[in-house]
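Chemist: Once you've had a glance at the structure underneath, I'll fire off some questions.
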Amino acid sequence: MTRSSRECCRTDTVGRAGERERRAGGRLRPALAACSLVVWARAPARARSRRFWSVKQFKIGNSWIRGVVGNGLTAELVTDFACAYGTYVGGREVVLVRDTRASSPMFGAAALAGLLSTGCSVADAGVCPTPVAQYLVRRRRAGGGIAVTGSHNAAGWNALKFIDEDGALLNSIRGEEVLDLYHLGEYTKASWDRLGKREEATGFVGSYLAATAGTLNVESIRAAKLRVAVDTVNGTAGAVIREFLGFLGCEPILINEEMGPDFAHDPAPSARNMRQLESLLRHIEADVGFAVNTDVDRVGIVTEKGVALSEECTFPLVADHVFARGSAVAVTNLSTSMMIDRVAERRGGRIIRTKIGEGYVIFRAVNEDAVLAGEGSGGVALMPVSRAFDGFLTMALVLEAMAEGGHRISELAGRLPAFLMKKGEIPCSPDRVYHVLEEFRGFHRGGQVDLSDGVRAAWPGHWIHVRASNTEPILRVIVEGEDPERVERVFADTLFRVNTVVHGKS
């Protein structure tokens, strides 16, 4: 069953009431609490202060730290984590990049100081997309990398992403090693004559394009002479996008290209944030529109008719093209639309699901010798080329699919199966999370249950996933299915049941 490109995966999001009031008093007890992918943060053991950060203000994942600038994420914290990471890589070279946020130069300097103090030399590439930094780590055979970027989060947030020597984000095992070093607070301290040195890294964009997009059918893309509109949301894509599109022989039509801290809109490339790009494509002649986030690891798509696709469509659309070359394996997370499963069935491919997060997905893809990895957020990795969610490579794959088959982007989107996905969020304190998830397990007997990341129950035609958020003190509820009426009914029932347990009425 197919529908129009607008309906290939319709996603509705339900907000949460009273969120600000619930966050205001929410504090963690003085202990580490694991919740799904995230370890709630506390001060390092060497600190005398009993201060602990609220769940909303500061979070730690396997391959990143993230927080509200000045109200959770501080320069002191960034320096400490950079010291822990520098100790972890054993004084080897580290690639350092940042995005265009107002706080990124400050946090970049703090990370630089921490790395140099542990004896690491630093290849500083300045304002640079994260997937390009991941390529640079491999090219320079560095010990790793740090990207200072809030990625898809609002301007008031920022983060550090930790890159391993193979160019992938740190997996859970290695991320825990860095976290252990941070909590111990015992970092390598280089003497004055063994401090690291900073080097400016330049002149790598051309080799990056040749090593990534250059692996595709570039001649076909160039011959198509496509007009491509891109919304770079004032982020790091502005440093590369013209050279990227020129390399592919495309005519660029760019909006929000000027790099700076004032984003034209929320940087997540979801359908609701692509209205400006939609309007542009309705008034000009362009073959496709792309929206990226500030560090270019996610991509959203707008058709030539000015219709924004759900971010859930990016990965299955690319997979449909790649799987057409032959049966293959792809890895995705538990919350990604089942469009990807139907695409794989049609093309003779196989889908493996794992926990949410780029680190988990890429790690599993490496172990399974998968060709593709991706998530419903718009992140895609072509594994034989890169172990990164690479927005430039994702755009190039879409352009290749259009050029090789002579198809409009709306035609490619129209091939995707049609489902309705509903998303909701319920505030939940950390001490209630496991109780709620345990109770929820019993609500859906008869379904195929996966407990690796929250509770996911699947039946023929629909599925439910309830899990703790990576970024906020909330539970996320997702329901997707073929029958819109059933999805609406199951979604409402699931919200009611979860909310009842959260508030202790079970």
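The values are calculated or read from the model by the stated rules, or taken from the named source; none is laboratory data. Bear in mind that the values here come from a model prediction, so they are computed numbers and not experimental data. Neighbour counts are summed over all protein chains in view; Cβ atoms, including those assigned to glycine, are modelled from backbone coordinates with ideal geometry.
Chemist: If I filter segment 269-285 down to residues being surrounded by fewer than 22 Cβ atoms within 10 Å (Cβ to Cβ) and aliphatic (A, V, I, L, M), which single residue comes out as nearest to Gly391 (Cα to Cα)?
Modeler: Within segment 269-285, the match that is nearest to Gly391 (Cα to Cα) is Leu280.
Here's the yes/no breakdown for (1) within 17 Å of the chain's Cα centre (by Cα); (2) within 30 Å of Trp192 (Cα to Cα):
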| residue | (1), (2) |
| --- | --- |
| Leu115 | no, yes |
| Gly119 | no, yes |
| Val122 | no, yes |
| Ile146 | yes, yes |
| Ala168 | yes, no |
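Chemist: While we're on this one: Identify, by number, the condition in (1) under 23 Å from Ala154 (Cβ atoms); (2) surrounded by fewer than 21 Cβ atoms within 10 Å (Cβ to Cβ) that Gly306 doesn't meet.
Modeler: Here Gly306 meets the rest and fails (1).
Chemist: For segment 199-210, does any single residue satisfy the condition of being within 24 Å of the chain's Cα centre (by Cα), under 27 Å from Val385 (Cα atoms) and buried (at least 21 other Cβ atoms within 10 Å of the Cβ)?
Modeler: For segment 199-210, residues within 24 Å of the chain's Cα centre (by Cα), under 27 Å from Val385 (Cα atoms) and buried (at least 21 other Cβ atoms within 10 Å of the Cβ): present.
Chemist: Just give me the residues in segment 294-309 being under 14 Å from Met395 (Cβ atoms), aliphatic (A, V, I, L, M) and assigned to a strand (DSSP E or B), in sequence order.
Modeler: Within segment 294-309, Val299, Ile301, Val302 qualify.
Chemist: Filter segment 491-506 down to the residues that are modelled with pLDDT of 95 or more and either assigned to a loop (DSSP other than H, G, I, E, B) or under 21 Å from Asn333 (Cβ atoms) (or both) and list them by number.
Modeler: Result: Phe491, single match.
Chemist: Would you tally the residues in segment 258-293 being within 21 Å of Val240 (Cβ to Cβ) and assigned to a loop (DSSP other than H, G, I, E, B)?
Modeler: Counting residues in segment 258-293 that are within 21 Å of Val240 (Cβ to Cβ) and assigned to a loop (DSSP other than H, G, I, E, B) gives 15.
Chemist: Still on this model: What strands (runs of 3 or more DSSP E), lying completely within segment 398-482, carry at least 1 residues that are of a type outside the set (Gly, Ala, Ser) and buried (at least 20 other Cβ atoms within 10 Å of the Cβ)? Don't jump to the end; show me each part of the working.
Modeler: Details: elements: 419-427, 448-450, 455-459, 462-468, 474-481.
Because the criterion is at least 1 residues that are of a type outside the set (Gly, Ala, Ser) and buried (at least 20 other Cβ atoms within 10 Å of the Cβ), the strands (runs of 3 or more DSSP E) in segment 398-482 that meet it are 419-427, 455-459, 462-468, 474-481.
Chemist: Can you spot a residue in segment 335-349 that is part of a strand (DSSP E or B) and either surrounded by fewer than 24 Cβ atoms within 10 Å (Cβ to Cβ) or in contact (Cβ under 8 Å) with a residue 12 or more places away in the chain (or both)?
Modeler: No, every residue in segment 335-349 fails to be part of a strand (DSSP E or B) and either surrounded by fewer than 24 Cβ atoms within 10 Å (Cβ to Cβ) or in contact (Cβ under 8 Å) with a residue 12 or more places away in the chain (or both).
Chemist: For the condition free of Cβ contacts under 8 Å to residues at least 40 places away in the same chain and touching a strand residue (DSSP E or B) at 6+ places or on another chain (Cβ under 8 Å), what is the one hit in Arg242, Arg222? Let's see the steps before the verdict.
Modeler: Working: Arg222 fails: touching a strand residue (DSSP E or B) at 6+ places or on another chain (Cβ under 8 Å).
After applying the criteria, what remains is Arg242.
Chemist: Which of (1) under 17 Å from Pro131 (Cα atoms); (2) outside any helix (DSSP H, G or I) does Thr188 not meet, given it meets every other one?
Modeler: In the conditions (1) under 17 Å from Pro131 (Cα atoms); (2) outside any helix (DSSP H, G or I), Thr188 misses (1) alone.
Chemist: Restricting segment 309-330 to residues that are within 12 Å of Leu412 (Cα to Cα) and crowded, with 24+ Cβ neighbours inside 10 Å, which is nearest to the chain's Cα centre (by Cα)?
Modeler: First, pick out the residues of segment 309-330 that are within 12 Å of Leu412 (Cα to Cα): 309, 313-314, 316-321.
Retained after the next criterion (residues that are crowded, with 24+ Cβ neighbours inside 10 Å): 309, 313-314, 316-319.
Working: Leu309: 17, Cys313: 15, Thr314: 13, Pro316: 16, Leu317: 17, Val318: 16, Ala319: 17 Å.
Out of the qualifying residues, it is Thr314.
Chemist: What is the one condition in (1) among the hydrophobic types (A, V, I, L, M, F, W, C); (2) in a helix (DSSP H, G or I); (3) under 15 Å from the mean Cα position of the chain (by Cα); (4) over 22 Å from Ala286 (Cα atoms) that Phe392 does not satisfy?
Modeler: Failing condition for Phe392: (4).
Chemist: Assuming Leu73 fulfils every condition listed in (1) touching a strand residue (DSSP E or B) at 6+ places or on another chain (Cβ under 6 Å); (2) surrounded by fewer than 22 Cβ atoms within 10 Å (Cβ to Cβ); (3) modelled with pLDDT of 50 or more apart from one, which condition is it?
Modeler: (2)
Chemist: Being over 21 Å from Gly379 (Cα atoms), crowded, with 16+ Cβ neighbours inside 10 Å, modelled with pLDDT of 95 or more and assigned by TED's automatic domain parsing to the domain that holds Ala113: is that true of Gly196 here?
Modeler: Numbers: over 21 Å from Gly379 (Cα atoms): yes; crowded, with 16+ Cβ neighbours inside 10 Å: yes; modelled with pLDDT of 95 or more: yes; assigned by TED's automatic domain parsing to the domain that holds Ala113: yes.
In short, yes.
Chemist: When you scan segment 331-343, how many residues do you find that are among the aliphatic types (A, V, I, L, M) and over 18 Å from Glu411 (Cα atoms)?
Modeler: As a first pass, look at segment 331-343 and keep what is among the aliphatic types (A, V, I, L, M): 331, 334, 338-340, 343.
Right, trim to over 18 Å from Glu411 (Cα atoms) and you get 331, 334, 338.
Residues that pass the stated criteria total 3.
Chemist: Can you name every residue in segment 311-334 that is in contact with a Cys (Cβ under 9 Å, 6 or more places away or on another chain) and either modelled with pLDDT under 95 or assigned to a strand (DSSP E or B) (or both)?
Modeler: Residues satisfying the conditions do not exist here.
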